[in-house]
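Below is one structure, written out as structure tokens, with a few remarks after it.
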Amino acid sequence: MLNIGNMDRRITIEGETETVKPSGSVVKTWAPLATVWAEVLQQTASEFFTGYGDAETGTVIFRIRYRPGITTAERVTYDGTAYGIEEIKELGRRDALELRGEALK
């Protein structure tokens, strides 16, 4: 089921962190949690009509080796674009994960 040879892209899984400045204000930033090899399974662009005009969203599915602790609160950075993780699907018995991400603006 899992073909390691197809995992030829590097992605970074990032988590949001909060830092308190000396002034007391809170700053939210993204910090790398892991950089892993991935297979890009699907990359589509779908246009949909919104109340404010046309918009375009990019959806990408990344397949990685199983890694515990990944949640939809994280994001994936690939090829200079950040993708919010919308869905996580476990493949096999902890063989791999599919991360479905949507491009963030």
Gain in length, Arg10 to Thr72, computed as 0.36 nm per residue apart minus the alpha-carbon separation, to one decimal in nm?
20.4 nm
If every Lys and Arg gets +1 and every Asp and Glu gets -1 at its Cβ, then about the Cα centre the stretch 4-103 yields a dipole, in debye to the nearest 20, of 500
In which sequence would Thr35, Thr77, Thr59 go, from the one with the fewest C-beta neighbours within 10 Å to the one with the most?
Thr35, Thr59, Thr77
What residues qualify as long-range amide H neighbours of Gly58, i.e. H under 5 Å apart, gap of 5 or more or another chain, H built at 1.01 Å from N?
Ala103
In nm, to one decimal, how far is the modelled label at Lys21 from the one at Glu102, with both set 7 Å along Cα→Cβ?
3.1
Within the stretch 1-26, the residues whose backbone N lies under 14 Å from a label point placed 7 Å from the Cα of Leu91 along the Cα-to-Cβ direction are 1-9
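None of the figures in this text is laboratory data; all of them are computed from the coordinates on show. Being a predicted model, the structure only gives us computed values, none of them experimental. Counting neighbours? That spans all protein chains shown, and the Cβs are built from the backbone with ideal geometry, glycine included.
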